[in-house]
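I have placed the structure first, in the form of structure tokens, so that the comments after it can refer back to it.
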Amino acid sequence: MSKSTNKRRDLLRLLAGVIIVIMLNVLSSFLFTRFDLTAEKRYTLSEGTRRMLEDLDDVVYFKVYLDADFPQGAGDLKHLRDEVRIMLDEFRAYAGDNVQYEFIDPSDNKDRKQREALYNQLEKKGLRFINPRLTADEGGGVTRQKFFPGALAIYRTQETPIQLYFTPTDQVIPTDVNKAVEKLEYELTNAIRKLQMNRKQKVAFIQGHGELDSLYTADFAKALREYYTVSYQQIGGQLNALRDTIQKADQIRNKYDAIIFARPLERIDEKDKFIIDQFIMYGGKVLWLLEPMEINYDSLAQRGSTMGLNDSTDVDDLLFRYGARVNNDLVLDMQCQYIPINMAPPGAQPQIEPRNWVYWPLVQPTDKHPIVKGLDLLKFNYAGTVDTLETKAGIRKTILLRSSKYSRIVKSPARIDLRTAFMQVNERMFDKSGLPMAVLLEGNFESAFKNRIPPKIASSREIGFKEKSKETAMIIFGDGEIVANNYRNGIMESMGYDRLSEYTFANKELLLNCMNYLCDDEGMMSLRSRELSMRLLDKKKVAASRLNLQLFNNLLPVGIIIFFGIIAFYVRRRKYGRKTTAA
């Protein structure tokens with residue numbers, strides 16, 4: 001073969017390669033795709049997230065306060081920082097320049113006053129700091145440093161905080177960091193969603209039946225207002241209390257998307273139950289926070305004992321038809337919170353001593369449902385069990401929360417005595433495991449008033465009676481106090497805050513998840529249920545085999561390349577050496 005023929009062939013190959021590259025570039029400008037080669041598709045955004053990002057009409061700016069020279073003891077925060085950066089880059093792949101971000105080290109300022117001022121500013125905006133124990137100093141003490149593992153999302157004139165990770169302990173826990181990584185897409189997408197809300201759904205706290213008033217539901221209402229328009233509503237037998245005023249029957253629609261019963265103590269009469277029932281039939285969602293028994297707390301505090309009696313709300317018939325029942329019992333659990341008891345004699349200086357109080361169960365969520373997945377401990381006060389029942393409607397039932405494996409129940413009437421806190425707990429008496437304490441019901445509910453009302457009412461176009469609901473849902477708790485916040489010296493305490501331990505339980509996050517699930521599309525909540533495999537190194541083995549691992553990782557790849565290079569050299573030498581000899 002002549003040299004001119006080889007030259008022509010090489011030029012044709014070069015030209016073909018250039019044409020293919022140009023065509024691929026032109027094609028890529030019209031077609032967009034990304035490949036995620038991880039086993040659990042950790043970098044693949046959900047369809048809902050992609051749509052939200054593509055529809056952005058202005059810049060969302062993220063200030064991420066998670067940049068630092070992470071010392072020993074906080075190295076897992078570096079992993080979280082890198083994952084946040086990757087996730088934001090994924091957001092930019094779909095939103096383009098409408099997603100911008102910067103990483104900031106709040107401890108970088110050398111001026112102590114300015115640094116503390118920034119810390120205070122971040123705390124006022126809703127970001128919580130962690131202060132983990134780092135490397136030991138020469139004197140045997142420990143070094144600590146403040147980190148703010150969170151971000152601020154800014155959209156036009158609005159701003160919302162994002163807490164990416166938090167721990168009350170003095171250590172950064174790798175498994176908890178992994179949970180934070182799992183929730184990254186949810187937290188960032190949820191922030192954009194809150195900033196872009198034009199029409200907020202409406203939620204009402206029902207009043208008029210001895211429910212907790214606005215003073216003791218203030219913290220939960222404040223948290224809800226980030227997502228919803230919140231109000232307080234009495235029913236009072238008025239048909240339009242929970243529905244908009246209408247002119248025609250086919251225009252009937254609910255005034256609220258969801259309602260909350262926050263620990264009603266008084267009887268709910270038949271008129272109000274009918275209005276609640278029809279609210280559900282027209283697709284309304286309900287969060288039931290019900291007390292299993294009536295307990296006189298003043299008597300318990302003053303006399304040291306009281307009686308727990310049957311509740312008098314009279315909603316059993318409603319719940320029975322929908323597929324659940326709150327029992328008149330109390331869950332006693334060995335996994336419980338302390339109660340402060342004054343041990344000083346009358347008139348003396350108070351001497352507060354903490355004692356285990358089995359009537360205040362601490363519940364650790366174990367279900368994988370997105371409402372409870374990944375939540376921290378929850379505190380219940382005098383809670384009862386919630387049973388599920390068979391219904392003709394075929395309602396889907398999910399037990400969200402259960403007691404520990406060392407629990408038992410006492411039925412009404414139940415004597416509650418503070419002396420119980422001083423008794424030795426007999427483990428054999430706590431022989432019940434996983435008692436149901438919260439239930440989710442979903443489906444097309446059958447009206448509790450079906451075949452119970454006169455034909456005149458059933459056929460009234462103004463009333464618009466429905467025997468079967470649209471697809472809807474409700475959540476039932478056997479504890480009404482779970483929603484309550486306390487006041488101390490005129491200051492509202494956070495919902496779930498415990499004064500004795502100075503720890504905030506996850507009650508607020510739980511109930512927010514409940515409302516988000518009831519009112520939101522399943523796309524957002526499904527992001528909470530993502531699971532990512534955490535492939536941690538054994539730190540002891542790494543330290544013991546450090547030199548071998550370094551040699552293996554650095555020298556072996558180079559050795560493999562050299563080996564194949566030598567083989568290629570001898571192959572070429574044999575192949576082309578023979579041609580030269582033959583010529």
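A few comments on the model shown:
- When both bridge partners sit in the stretch 47-194, DSSP labels roughly 75% of those beta bridges antiparallel.
- Spacing of the two label points (7 Å from each Cα toward its C-beta) at PHE564 and GLU502, in nm: 6.0 nm
- Cross-link pairs LYS285/LYS397; LYS183/LYS379; LYS368/LYS508; LYS397/LYS468; LYS273/LYS466 - those with Cα-Cα distance over 21 Å: LYS183/LYS379
- Greater than 19 Å apart at Cα, pairs in LYS392/LYS432; LYS113/LYS146; LYS200/LYS255: LYS392/LYS432
- Phi angles across the stretch 271-278 convert, under the Karplus curve 6.51 cos²θ - 1.76 cosθ + 1.60 with θ = phi - 60°, into 3J(HN,Hα) values of 5, 5, 5, 5, 5, 5, 4, 6 Hz, Gly and Pro given as x.
- Distance (nanometres) between label positions extended 7 Å along Cα→Cβ at ARG92 and ASP57: 2.5 nm
- Note that the stretch 233-241 has calculated 3J(HN,Hα) couplings of 9, 9, 8, x, x, 8, 4, 8, 5 Hz, one per residue in order, obtained from phi through the Karplus relation 6.51 cos²θ - 1.76 cosθ + 1.60 (θ = phi - 60°); glycine and proline are x.
- In nm, spacing of pseudo-spin labels at GLN238 and GLU116 (7 Å Cα→C-beta vector): 5.3 nm
- Amide N proximity, the stretch 377-419 versus GLU427 label position 7 Å along Cα-to-Cβ, cut-off under 18 Å: 404-408
- Volume of the convex hull of the chain (Cα atoms only), normalised per residue: 286 Å³.
- Integer Hz, Karplus 6.51/-1.76/1.60 couplings in order for the stretch 289-302, x for Gly and Pro: 10, 10, 7, x, 9, 8, 10, 8, 5, 5, 5, 5, 6, 8
- Loop-located trypsin sites (Lys or Arg not before Pro) in the stretch 109-191, at most 16 other Cβ atoms within 10 Å (DSSP): LYS110, LYS125, ARG128, LYS146, ARG156
- Between the stretch 459-494 and the stretch 203-235, the Cα center-to-center distance that results, in Å: 9 Å
- The H on the amide N of ASP269, modeled in the peptide plane, is under 5 Å from the matching H of no residue at least 5 residues off or on a different chain.
- Taking the DSSP bridge list for the chain and keeping only pairs wholly inside it, about 70 percent are antiparallel.
- SER299/VAL410 FRET efficiency (R0 22 Å; Cβ-Cβ; nearest 0.05): 0.80
- Across the chain, the mean sequence separation of Cα contacts (distance under 8 Å, 6 or more residues apart), normalised by length, yields a relative contact order of 12 percent.
- 13 Å cut-off, amide nitrogen to a point 7 angstrom out along TYR338 Cα→Cβ, residues in the stretch 381-406: none
- Set of aspartates and glutamates with alpha-carbon distance to LYS125 below 20 Å, sequence-local pairs under 8 removed: ASP67, GLU102, ASP105, ASP108, GLU116, GLU159, GLU187, ASP219, GLU226, GLU493, GLU509
- Charge-dipole axis of the chain as Lys and Arg at +1 and Asp and Glu at -1 on Cβ define it, positive-most pick from ALA393, ASN485, PHE103: PHE103
- Residues whose amide H comes within less than 5 Å of that of ILE409, counting only those at least five positions distant or on another chain, are LEU332 (H built at 1.01 Å from N in the peptide plane).
Taken together, the values in this text are just the output of simple stated rules run on the coordinates, not laboratory data. From a predicted model like this one, the values you see are computed outputs, not experimental measurements. Positions of Cβ are generated from backbone atoms using ideal geometry, with glycine treated the same way; all protein chains shown enter the neighbour counts.
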